[in-house]
1. Go through Lys41/Lys114; Lys245/Lys432; Lys114/Lys245; Lys114/Lys432; Lys114/Lys438; Lys30/Lys174 and tell me which ones have a Cα-Cα distance over 21 Å in this structure.
2. Treat every Asp and Glu Cβ in the stretch 232-325 as -1 and every Lys and Arg Cβ as +1, leave all other atoms uncharged, and give the resulting dipole magnitude about the Cα centre to the nearest 20 debye.
3. About the Cα centre, and with charges only on the beta carbon of Lys, Arg (+1) and Asp, Glu (-1), how big is the dipole of the stretch 132-230? Nearest 20 debye, please.
4. Tell me which of Val263, Leu357, Phe388 sits at the most positive position along the dipole axis of the stretch 262-406, charges placed on C-beta atoms (Lys, Arg +1; Asp, Glu -1).
5. If packing is taken as the average count of other Cβ atoms within 10 Å, what order do 43-51, 232-240, 185-193 fall into, highest mean first?
6. Would you mind telling me the antiparallel percentage of the DSSP bridges in the chain, rounded to 5?
7. Nearest 500 deg cm²/dmol is fine: what mean residue ellipticity at 222 nm does the chain get from its DSSP H runs of n ≥ 4 alone, each adding -39,500 (n - 2.57), divided by its residue count?
8. What does the charge add up to near Leu355, with Lys and Arg as +1, Asp and Glu as -1, over the other residues with Cβ less than 14 Å from its Cβ?
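The values are calculated or read from the model by the stated rules, or taken from the named source; none is laboratory data. What you see is a predicted model, and the numbers here were worked out from it, not measured in a lab. When we count neighbours, we look across all protein chains shown, and the Cβ atoms used for this are built from the backbone with ideal geometry, even at glycine. Keep in mind that these areas ignore ligands, DNA and RNA; they rest on the heavy atoms of the full protein, side chains included. Shrake-Rupley method; radii C 1.70, N 1.55, O 1.52, S 1.80 Å.
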Amino acid sequence: MEHIYADQRLIVWIGEIADPYRGTIDRLEKYSALEGADATKIVIDWNFNPARISMVRAADGSTPMHIACENGNFRATWDFEEIALWQQAPQPDIEACVLYLEHGPSLTRNQVLKGVFNLWPGETVNSDGYRISFTEQQLRGVPAESYLSQGSTATNEFLHVIGESIAGSLNRSKGVLLELSGGMDSSCSVLAAALLRDDLSSYGLVHEGAVGIQQSSRRRELVELLSLNDHEYPSNVVSPIAALKYEECLFTPMDDNHRLACVHAISSHPDVDRLDMVITGIGGDELGMERTYIRRDYEVSGLLSSSAVLASVGRGDIFLRRGIWPCNPLATHRVVNFCRRLPRTFRNGRLLHVLTLARSGLSDSFIFPRYGENFGPLLIREAALTDFDAEVGESILADYGINIFELLRDAREQAGRDFTTDMAVRLWHLLKLERILKKYVGSQKVSEIP
């Protein structure tokens, strides 16, 4: 942390490198363009007369940042619970709640509580303690598809670019944890990290049945190749819906549905006492898709896909609450733009990932597994066995006039046939939002609200 003070104005730099614009006063817009997985950097520009504060986030980041102001005070934190309990009389933001029920967490400004906002990477917030305004990031253009030069090897450069995004944090960390599911995204991130450091720990949630046997086999192949200190934990010890009864899953609405299983896995890892950084290789679908810079019309602007950013931010609370700093290189402009420049054939069938894994020495069975590995089936099965009418028999959402009955009706119809992944996830978000609001707002009826 560094600071400059002059003329009743304080500029504070918080980052993992030295302030690149040290000694300057009027170049705050440049901070928002800083990139890299370890570039979760913040600049605070604090004027004392008149009282005003501006806060700038770097273009990339793997953590949430919640903002609120009240009675002349301004607060910014990654901890949603802290900012929710800080409010004197928290109430639901109806529009934000409806969007949450329809789409889950999204890159919206307003959050599910009135007066709580998100500051997304590459943006600026301004406040005098009574009002808040935001400046969205400037769109700088998307790199066009190009061609490979003679003799080039894109896979080597792919690992190098991922490594560049995490090198700073990796070198400073006392103990690095790698999330390793056995899928393509996490495997490529692990390979890149192993090129830079050899004392790495890893963990993974492993499914039951044939899929889990395959998953353990694939993970073991990579663990042995890179000599990782690995720890496996069953993904179904605490299922996603059952986990919502525990305080651990009621801190934030912007969360992962396998949070409690992740927490148990991390807590039981032999290296837990020395871990201070995690590399989360998630959100990499963008690297094999087209037109990913398009966001939904109710979201803030930006050049990375919503899914990539939310995959990072939605897991930040899990690790930060345990003193572990999250980095996600696959959701950075540097890595995404590298992939955008590749010929389109590299996006077909995720060829870039396939070639990277093959050239790293992994077997054909690793690269072309028998079963698709994902976390949907557990949630689908649990949703089909859950009585959601009973779960929300006294609904705080209904108290505030939010219509949940169509969703419950659709759930009843699907329960008699086959649940879709989309329906199971929407129902999980319904229960999540119910319990979050009951915790922070309480069960007061609309007529009781002044």
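1. Working: Lys41/Lys114 27 Å; Lys245/Lys432 10 Å; Lys114/Lys245 24 Å; Lys114/Lys432 17 Å; Lys114/Lys438 15 Å; Lys30/Lys174 31 Å.
Pairs exceeding 21 Å: Lys41/Lys114; Lys114/Lys245; Lys30/Lys174.
2. Details: 9 positive and 14 negative charges, 24 e Å.
With only Lys, Arg, Asp and Glu charged at Cβ, the dipole is about 120 debye.
3. Numbers: 7 positive and 12 negative charges, 36 e Å.
For this selection, approximately 180 debye.
4. Result: Leu357, furthest along the dipole toward the positive end.
5. Working: 43-51: 14.8, 232-240: 18.8, 185-193: 25.2.
Going from most to least packed, we get 185-193, 232-240, 43-51.
6. Details: 35 of 51 bridges.
Close to 70 percent.
7. On the way: 17 runs with 161 residues, N = 450.
Only helices count here, giving -10500 deg cm²/dmol.
8. Working: positive: Arg347, Arg350, Arg359; negative: Glu157, Asp364.
After counting each charged neighbour, the total is +1.
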